[in-house]
Structures are given as structure tokens and as C-alpha cells.
Amino acid sequence: MLQLKDELKKNISVLVTLVDANLKTTIDSTRLGWGWLIINPLFMMGIYYLFVHVILGRGGDNYHLYILTGIIAWNLFSTSLLQSTSVIDSNAQLFKQVPIPFSIIVLIPIFVQMILACVGCGVIMIWNLSAVGVQTLGIFVLIVLTGMISYALGLFLSVIAMYFEDVKLAMHYIIRVGFFLTPVLFPAERVLLSEKIPQLLKDIYYLNPMVTMLQAFRQVLLEGIWFDVGRITIIFLIILCVIQAGLIWLRAHTRQIMKMI
């Protein structure tokens, strides 16, 4: 972890430049620019709201904001993870021009998505002003921690993807399944209270850190209360350990990857 800190200090200007370039590419690729970043989650919210709330009669009050919060938090995690999985391979030419560590390059899509998530959360805050307060500052903690979760997994997957191309395709299917298994559209309590689900599966279900993260996002943005600091701290400490293991894994394969690109 200390080595990562040193790498960040040495390559901070390159990292900022690359994040800025990727952000501009994402925004400038369409005429509406930032508009599409807002329209996309709103469009998805509308579809699920129509199907679940209007047609099925489920969801309850403010279900539109409930879905929107889940979609923004999930998109932060899933898009960061998908892009970090393929970031080494897609930037092969860059490594030949700039001697930037792989551990830094994996951060680029994650920082970009964190910035975009801030915009999405800002829309929710405006929409739900009554919940805005001191606890709203906690959203930045949640955005950073979600980015750390993606980074931790991305360190491993970016290496595996260099050896097995099919991993990139497989991740798209895994993310789709994860969307419906994670409480993006429904409260996690439904799983906990369901008598049809064995207790073992419930325990496994709650091992998914995004279950807790989505609950925390909604507590801050929708309920206007602080998240469970204890649970978030535990996730933070575990993710730090996973990141350290991922950095060791990545550095162990660096020489072989350089030969491959």
C-alpha cells in the first residue's frame, strides 16, 4: 500500500491528465454531453418504475428515487469494474510511450466513474432536498468506498483478462446477474425476511458488500440519516486488505504482462 502511495505521488500529473482525457472523451462523444449522463439513469428509472410500480403495483412511495439511487450506485460499481477489467489491454500502446505503473492505470476508469456518480447524486439531492443535511457529506465517503471495491476487484480481473480474453465478456453477464441479485430494485430486507430462502443463502447474500453500500446510499440520500458507520468501517478494512493482495498479484504479473503487450 505504501508503494501505491509513492506511485501516486510520482504519477499524479499523468493520472490527472488521463482521467481528464477519459472524462472529456466520455462527455464530448455526444452532442448532449453531460445531458446523457443524467438521461441514462433517468430513462432506466422510468422503465423499472413503470414495470414494478405502475404495472405490478409494488415499490411504495418515492419508489422512483429508490430506483434512481440504486441505479447510480450500481452503475458506479459495475462500470468501474467492467472498464478496469479491460483497462490494461485497451491501453497497451500507452505503456509503450509512458512508463506508468499498472496499479495507476487501473484507477483511471474508477476516478472517472466516481466523478460521474457525484453528478448523479447531485441530481437526487436536488430532487429530494428535504433529506439534505450534514449527513449528506457522507455520500462522498460512500462514493470513494464503492470505487475502492471496484479497484480491489479490478486489480485481479485486469490481470486475468490479459491471459483469458473471455473474462471481459463473462464480466458483462456477471454484472447483469448481479444487478438483479443486488437490492437495486428491491429492499435487502425482503431477502432477509423471506421464508423461502435458506439461512445459509441469506448469510452468503449479505457477504456482498454492495448490499450494504446500496442501503447506505439510500440512508444518506433518501432518508436523510447517517449510514451504519460500523458496517461501513468493516467493509473499508476488508477492502484495504483485498487491495493490498491485488497489488501484490498485479506486480507479480507485471513483467509477463509487459511481454504480452
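Which ones in the stretch 184-209 are of a type outside the set (F, W, Y) and closer than 22 Å to G154 by Cα? Give the derivation first.
Step one: of the stretch 184-209, the residues of a type outside the set (F, W, Y) are 184-185, 187-204, 207-209.
Residues satisfying the conditions are V184, I204, L207, N208, P209.
Condition check: in contact with a helix residue (DSSP H, G or I) (Cβ under 8 Å, 6 or more places away or on another chain), more than 23 Å from V229 (Cα to Cα), assigned to a helix (DSSP H, G or I) and aromatic (F, W, Y). Does F140 satisfy that?
Values: in contact with a helix residue (DSSP H, G or I) (Cβ under 8 Å, 6 or more places away or on another chain): yes; more than 23 Å from V229 (Cα to Cα): no; assigned to a helix (DSSP H, G or I): yes; aromatic (F, W, Y): yes.
No; evaluated as a whole, the condition is false for this residue.
What number of residues within the stretch 205-231 are assigned to a helix (DSSP H, G or I) and within 26 Å of D61 (Cβ to Cβ)?
Within the stretch 205-231, the first condition is being assigned to a helix (DSSP H, G or I), and the residues that meet it are 205, 209-223, 229-231.
So of that shortlist, the ones also within 26 Å of D61 (Cβ to Cβ) come out as 205, 210-223, 231.
Residues meeting the conditions: 16.
Only residues that are surrounded by fewer than 21 Cβ atoms within 10 Å (Cβ to Cβ) and of a type outside the set (D, E, K, R): list them for the stretch 88-100, please.
Quick first cut of the stretch 88-100, residues surrounded by fewer than 21 Cβ atoms within 10 Å (Cβ to Cβ) only: 89-100.
Result: S90, N91, A92, Q93, L94, F95, Q97, V98, P99, I100.
Mind checking which residues of the stretch 41-63 are surrounded by 12 or more Cβ atoms within 10 Å (Cβ to Cβ), of a type outside the set (V, I, T) and within 15 Å of P187 (Cβ to Cβ)?
Y48, H53, R58, G59, N62, Y63 - these are the residues of the stretch 41-63 that are surrounded by 12 or more Cβ atoms within 10 Å (Cβ to Cβ), of a type outside the set (V, I, T) and within 15 Å of P187 (Cβ to Cβ).
Does R231 qualify as being in contact with a helix residue (DSSP H, G or I) (Cβ under 6 Å, 6 or more places away or on another chain) and of a type in the set (D, E, K, R)?
yes
Would you confirm, using the coordinates I've provided, whether W74 is among the aromatic types (F, W, Y), in contact with a helix residue (DSSP H, G or I) (Cβ under 7 Å, 6 or more places away or on another chain) and at pLDDT below 75? Give the derivation first.
On the way: among the aromatic types (F, W, Y): yes; in contact with a helix residue (DSSP H, G or I) (Cβ under 7 Å, 6 or more places away or on another chain): yes; at pLDDT below 75: no.
When the stated conditions are applied, W74 does not pass them.
Return yes or no: is Y151 hydroxyl-bearing (S, T, Y), loosely packed, with under 11 Cβ neighbours inside 10 Å and either assigned to a helix (DSSP H, G or I) or under 18 Å from the mean Cα position of the chain (by Cα) (or both)? Break it down stepwise before answering.
Values: hydroxyl-bearing (S, T, Y): yes; loosely packed, with under 11 Cβ neighbours inside 10 Å: no; either assigned to a helix (DSSP H, G or I) or under 18 Å from the mean Cα position of the chain (by Cα) (or both): yes.
Judged against the criteria, Y151 is not a match.
Confirm whether N75 is surrounded by fewer than 18 Cβ atoms within 10 Å (Cβ to Cβ) and more than 20 Å from I257 (Cβ to Cβ).
On the way: surrounded by fewer than 18 Cβ atoms within 10 Å (Cβ to Cβ): no; more than 20 Å from I257 (Cβ to Cβ): yes.
So N75 fails the test.
The values are calculated or read from the model by the stated rules, or taken from the named source; none is laboratory data. Keep in mind that what you see is a predicted model, and the values were worked out from it rather than measured. Cβ: placed from backbone, ideal geometry, glycine included. Neighbour counts: every protein chain shown.
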